[in-house]
Amino acid sequence: MGEILFEVTNMSKSFGELEVIRDVSLAVEKGEVVSIIGPSGSGKSTLLRCATMLEKMDSGELAFLGEKAAYMGASGIEYADKKALKKIRSYYGLVFQNFNLFPHYSVLKNVIDAPMTVDGLSKEEAVARAMEILDRLGLADKVDSYPCELSGGQQQRVSIARALALKPQVLFFDEPTSALDPELTGEVLKVIKQLAAEHMTMIIVTHEMQFAKELSDRIVFIEGGVIVAEGSPDEIFASDNSRVREFIGKFTS
Amino acid sequence: MEAVKSLFESMIYLATHLSEAMLVSVEIFLLTLLFALPLGLLVAFGRMSKNPIICTVVKIYIAIMRGTPLMLQLIVVYFAPFFVFGMKITQSYRFIAVIIAFSINYAAYFAEIYRAGIQSIPVGQYEAAHILGYSKAQTFFKIIMPQVVKRILPPVTNETITLVKDTSLAFAIAVAEMFTKAKELSASQASITPLMAAGVFYFIFNYLVAFIMERFEKALDYYR
């Protein structure tokens, strides 16, 4: 068994009366690609937002590379101190559904600014790193463009480049192709496949069943805030769980 | 033709004899912007504060600034040292009172413009910056504020143009700015042309302001 880079244990989260995540546990090893699938409102996006600490969970434990970000204390959940969280945050990146690129920055500036501002890289180092990544993602000729001049697929690739520039150990994707025209999803999926081939550890919330099947080491099916089924793509696609079959059937038929 | 000629002559006369008064108007304008623009940001933060006391105090402040005439505020600021503290009001305080009254009044308006701008930035921008590891200050100054500036330029231009015309309110406490002087001349010459000439002065001033602000907008046109 490889090193566990991401682990969440007994995570629960409610919005008021509504229980969105119930006692979910998930561990992801180095180099593993895990897809999280499930119907709308199943809690998969909330799971991702809690895992990336955009949202605070109500109870449970959260750790990256064995370092605890949140744990159960005597009086409920406790998050690590600011300094520890800053370090832990540097272990992972997140690619958003609607990119969230910085519109006032050029493509290059979008990719170099965080390494310079957050990690203190020199401009030369940051540019060299950015150019290498942008080149790999087929964006070398777009460095001087602004996000508004790019297609959705290109914007999403830039946002992947921006996340990669901080050299994350784990990369989360929140429905990375849901805001794209069908004809543009291909180029983004290709890039994610490329990253998988390079053994990037990835946790992907997606609606692209075929893609999840081809790419994932493991698929997690969530419904009603709980993990209903979990296993290799073959196991999930051959599942005898009626809900899983029904859901997958809708997408693949 | 005669009217135009007399207006033109009046303007030359004003330009030469009232250059000092013109400068006073420009000074009021520039100093107000200098103080009100940053002060407005502070007020906007107070207005958006999660602390209910700060938020309420700032709301009341904004309500008073927007809800009462600027001319009245001028008079209050001018006489307050005497009526509240029994201090002697000096000649030099006249001008200072104008700057104080204008700055705190315009800060309230600018604050609401800033607030609208800040709240219009999608939450995804904050989340992206947070995930990338930017601190709160870095997020605000590097990511949010530049986008806010672009969005609020049109309403700020509006406010700035109003300010040019409002400088004439300093007349209420007899500060020797453009309008006060033009009124004096108009009375002594029993003619309306000095006032018309002052009108032309304000118009040119505002034309310049609008021109400069348009340049700023153009400069930020490179992104959406």
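The values are calculated or read from the model by the stated rules, or taken from the named source; none is laboratory data. What you are looking at is a predicted structure, and each value in this text was computed from that prediction instead of being measured. We place every Cβ from the backbone using ideal geometry, glycine too, and count neighbours over all the protein chains shown.
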**Study point:** Test result for B:S92, surrounded by fewer than 21 Cβ atoms within 10 Å (Cβ to Cβ) and touching a Cys at 6+ places or on another chain (Cβ under 9 Å)
**Key:** no
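Here is a yes/no grid of residues against (1) touching an Asp or Glu at 6+ places or on another chain (Cβ under 9 Å); (2) surrounded by fewer than 15 Cβ atoms within 10 Å (Cβ to Cβ); (3) within 14 Å of chain A (Cβ to nearest Cβ):
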{"position": "B:Y61", "(1), (2), (3)": "no, no, no"}
{"position": "B:L72", "(1), (2), (3)": "no, yes, no"}
{"position": "B:V84", "(1), (2), (3)": "no, yes, no"}
{"position": "B:K88", "(1), (2), (3)": "no, yes, no"}
{"position": "B:A97", "(1), (2), (3)": "no, no, no"}
{"position": "B:F102", "(1), (2), (3)": "yes, no, no"}
{"position": "B:S120", "(1), (2), (3)": "no, yes, yes"}
{"position": "B:K136", "(1), (2), (3)": "no, yes, yes"}
{"position": "B:I144", "(1), (2), (3)": "no, no, yes"}
Review point. Taking segment B:178-224 only, how many residues are in contact with a Phe, Trp or Tyr (Cβ under 9 Å, 6 or more places away or on another chain) and either of a type in the set (A, V, I, L, M) or not in a helix (DSSP H, G or I) (or both)?
Key: 10
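Can you go through A:L184, A:L166, A:L180, A:L189 and tell me which one is in a loop (DSSP other than H, G, I, E, B) and more than 9 Å from chain B (Cβ to nearest Cβ)?
A:L180
If I filter segment A:147-156 for residues that are in contact with a Lys or Arg (Cβ under 6 Å, 6 or more places away or on another chain) and surrounded by fewer than 22 Cβ atoms within 10 Å (Cβ to Cβ), do I get at least one hit? Explain how you work it out, then say what you get.
Restricting attention to segment A:147-156, the residues satisfying the condition of being in contact with a Lys or Arg (Cβ under 6 Å, 6 or more places away or on another chain) are A:148.
Cutting the leftovers down to surrounded by fewer than 22 Cβ atoms within 10 Å (Cβ to Cβ) gives us A:148.
Looking through segment A:147-156, at least one residue is in contact with a Lys or Arg (Cβ under 6 Å, 6 or more places away or on another chain) and surrounded by fewer than 22 Cβ atoms within 10 Å (Cβ to Cβ).
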Revision key, fill the gap. Quick count over segment B:174-217, residues being buried (at least 16 other Cβ atoms within 10 Å of the Cβ), touching a Leu at 6+ places or on another chain (Cβ under 6 Å) and in contact (Cβ under 8 Å) with a residue 12 or more places away in the chain, is 6
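Looking at B:Y106, B:Y78, can you tell me which residue is modelled with pLDDT under 95 and part of a helix (DSSP H, G or I)? Quick ask: steps written out before the conclusion?
Values: B:Y106 fails: modelled with pLDDT under 95.
When all the criteria are applied, what remains is B:Y78.
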Exercise for review: Sort through A:T206, A:T177, A:T201, A:T185 and tell me the only one that's farther than 19 Å from A:E29 by Cα and touching a strand residue (DSSP E or B) at 6+ places or on another chain (Cβ under 6 Å).
Suggested key: A:T206
Revision key, fill the gap. Considering segment A:90-102, residues that are at the interface with chain B (Cβ under 7 Å from one of its Cβ atoms) and part of a loop (DSSP other than H, G, I, E, B), and then whichever is farthest from A:L184 (Cα to Cα), we arrive at A:S90
Exercise for review: Note down all Cβ pairs under 6 Å where the first residue falls in segment A:112-134 and is more than 14 Å from chain B (Cβ to nearest Cβ), the second is surrounded by fewer than 17 Cβ atoms within 10 Å (Cβ to Cβ), and they're at least six residues apart or on different chains.
Suggested key: A:L134/A:A140
Exercise for review: For segment A:103-145, name all the residues that are among the small types (G, A, S) and not in a helix (DSSP H, G or I).
Suggested key: A:S106, A:G120, A:S122, A:G138, A:S145
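What number of residues within segment A:16-34 are in a strand (DSSP E or B) and closer than 14 Å to A:V170 by Cβ?
In the first step, residues of segment A:16-34 are kept if they are in a strand (DSSP E or B); the result is A:18-29, A:33-34.
Imposing the further condition that a residue be closer than 14 Å to A:V170 by Cβ reduces the set to A:26-29, A:33-34.
So the count comes out to 6.
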Revision key, fill the gap. All conditions in (1) more than 23 Å from A:L94 (Cβ to Cβ); (2) modelled with pLDDT of 95 or more are true of A:E183 except (2)
Review point. Are any of the residues in segment A:76-89 surrounded by 19 or more Cβ atoms within 10 Å (Cβ to Cβ), within 11 Å of chain B (Cβ to nearest Cβ) and not in a strand (DSSP E or B)?
Key: yes
